[in-house]
Amino acid sequence: MNNLFSNLKGDLFGGITAGIVALPLALAFGVSSGMGPSAGLYGAIFISFFAALFGGTNTQISGPTAPMTAVSMVVIAGIIAANDGSLEKAIPAILVVFFLAGLMQIGLGLMGIGKYIRYIPYPVVSGFMTAIGVIILVTQLLPAIGYYPKEDEDFVIEFKPMAEELILENILKEEAGEGILVLEDFEETIKRAGTITDKDILKEAQILANTNASGVIGSIKVLPRAIKNINWLEFILALSTIFIIYGFKRITTLIPSALVALIVVSGVAYGFGLDYRPIEQIPSGFPTPNLSIFSEFKISSITPYVFTALTLALLGAIDSLLTSVVADNMTKTKHKPNKELVGQGIGNSIAAIFGGIPGAGATIRTVVNINSGGKTKLSGMIAGILLLIILLALGPVASQIPAAVLAGILVTVGIAVMDYKGLKAIPSLPKDLNLGPIKFSSEVIIMLVVLILSSTWNLVYAVGVGLVIASLMFMKKMGDLTAERSDVKAMVKEEGWEDEADFPRNLKEEVFIKHIKGPLFFGSTNEFQQLADQIPRTASTVIIRMDRMQYMDQSGLYTLEDILIDLRKSDIRVLFVDVLRQPRYMMERVDIIPDLISEDYIFDNFEECLKWIKKNVRDIHNKIEA
């Protein structure tokens, strides 16, 4: 406890500064997620406090981040769509997924997974981060110019026929579930259809219009229409926000430019009584736990999102531990990765119970905290408390913030979060793949695949695809490099080793010696399969020297087995020399030893093998030698 208050003044100033920086971002991420500004604020309050209290990085400031918000956005949109477009109906399922992600993070920490996070390839992380920037930037273009698809009557009307079809389809599904759908009698169907009003159809059409215009592809599709229906006031507010954020940084970085933009633009808009669109109402009072995530829990509602919850957990872990490394470099300390994951998991779980969006360690806020004097966990806890005080004292005031201001803040976040270091490196990375006459860099391909799939398809699956491609390419590179350095590969002529100098010349036609140098694994099996082509027709015995074959994988094992079976069919004896421990163990597991190679044909060294050769191999091709 004494250690916690050892730097009270520095932690107080660091926590307050970090909390001020977090405020506009928390509101903006909440709006961007689809759950509203209060969800972002609740997430920032509880994650910041509890991740600091239980985490393993003293100076870390946690809360909603761009990557976590982008993935959360996908989860929220999917669950809302499955609940008739109602956020209120979808909330329990959404929060259960977020709660599950927090529990998974705790599990990752307890299992000691923290130290393995660093093995995720940089091209995958780079492509993902750039995609996050693209998603946030593109999806905020519409609110930045004051265009909301579900409020565009002409656009919504286009979806009315589809809405009617969907409503009818839902009626038929209900009847089928109740067992009253009969082909000969549609009276019940007609009766239920008659209760559907124009208002119901319009609501469904608005949901479809909103869904159609969501994401990167949807936003780009409706952008021309949005530009034609631009709200100039909203556009000027967003543009002013962006201008202040970039301009104020040139004056000083001591005061967060996003906060300055938020206060100045909101103050002008409200003070002059401009007819702008405010953000959603932020509830006043202390946040209350949403116990419906337990009382209305249905396993079927979250089953499709278990993998997404795991992705949120892993993404939060990566995001947090990368920030921990930055903090270590600045403070010359060493964080505890697994304890940090437990802390992040506790923070995300509690935030979910109170209706907050998930988050992670935030690099910018952590750097601000350290530079402002924060040194202990108290700084992160103070940041959370400050945000709670702002919520309680200024909730009604914050509800007057223009939506376009938060859209402007998010545009700058989208631009900032892209991995420019990775993008700049594209021309200089080595081109190690050939497609006909064209050469490509495997790392650039991985980055672009993750970037394109994340932006246009699915963030979760894109990372999975990127990891698989990166793993396959890595295995191929390692296989090629190892095969190049080994003598497993087929050779026109086998070169003898030093201890073979005294091998009888008159038996060279009868005995073929195969040398294996290096591991026999999936990368070298293709070459090793050509062993039969190397054996002279005159040979009746093959010696396979394994002195320098330290390792054999399953691919190598079965390739060797196939070759030994073929040689046995050709009445060629095979002798092993100096079989090392691991390869021998593998061969004993599948009974290559002793079924195909008896113990009598296995020798500890070449000298013993040579004695056996001289005693048991007859010279029947001596005339050829002569």
Segment GLU561-ASN506, length gained on full extension (0.36 nm per residue, minus Cα span)
16.8 nm
With angles folded into 0 to 90 degrees, how steeply does helix 337-353 sit against the dominant principal axis of the chain? Use alpha carbons for both and round to 10.
40
On Cα atoms only, tilt of 403-417 relative to the major axis of the chain in degrees:
20
Mean Cβ-within-10 Å packing, highest first, puts peptides 133-144, 340-351, 228-239, 265-276 in the order 340-351, 133-144, 228-239, 265-276
To test your reading of the geometry: what angle, between 0 and 90 degrees and rounded to tens, separates the Cα axis of helix 87-110 from the longest principal axis of the chain?
40
If we count every other residue with Cβ under 11 angstrom of GLY127's Cβ, Lys/Arg +1 and Asp/Glu -1, where does the sum land?
-2
FRET efficiency for ASP591 and VAL325, Cβ-Cβ distance as r, R0 = 51 Å, nearest 0.05?
0.55
Per residue of the chain, what 222 nm ellipticity follows from adding -39500 (n - 2.57) for every DSSP H run with n ≥ 4, rounded to the nearest 500?
-20000 deg cm²/dmol
Sticking with the crude label model, points 7 Å out along Cα→Cβ, report the distance from ASP600 to TYR461 in nm, one decimal please.
6.0
Taking R0 as 51 Å and r as the Cβ-Cβ distance between LYS228 and ILE251, the FRET efficiency 1/(1 + (r/R0)^6), rounded to the nearest 0.05, comes to 0.85
Among PHE29, LEU100, LEU12, which residue has its Cα furthest toward the positive end of the charge dipole of segment 11-170, with +1 on Lys/Arg Cβ and -1 on Asp/Glu Cβ?
LEU12
A 29 angstrom limit on the alpha carbon distance is what I want to check against. Which of LYS115/LYS249; LYS89/LYS336; LYS115/LYS375; LYS336/LYS476; LYS431/LYS514 exceed it?
LYS115/LYS249; LYS89/LYS336; LYS336/LYS476; LYS431/LYS514
Percent antiparallel among DSSP beta bridges confined to the chain, rounded to 5, stands at 35
Between ILE620 and LYS569, what FRET efficiency comes out of the Förster formula 1/(1 + (r/R0)^6) with R0 = 30 Å and r the beta carbon distance, rounded to 0.05?
0.90
Centre separation in Å (Cα based) which lies between segment 383-450 and segment 580-600
55
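Here, each number is a calculation from the coordinates, and none is a lab measurement. This is a predicted model, so every value here is computed, not measured. All Cβ positions, glycine included, derive from the backbone under ideal geometry; neighbour counts span all protein chains shown.
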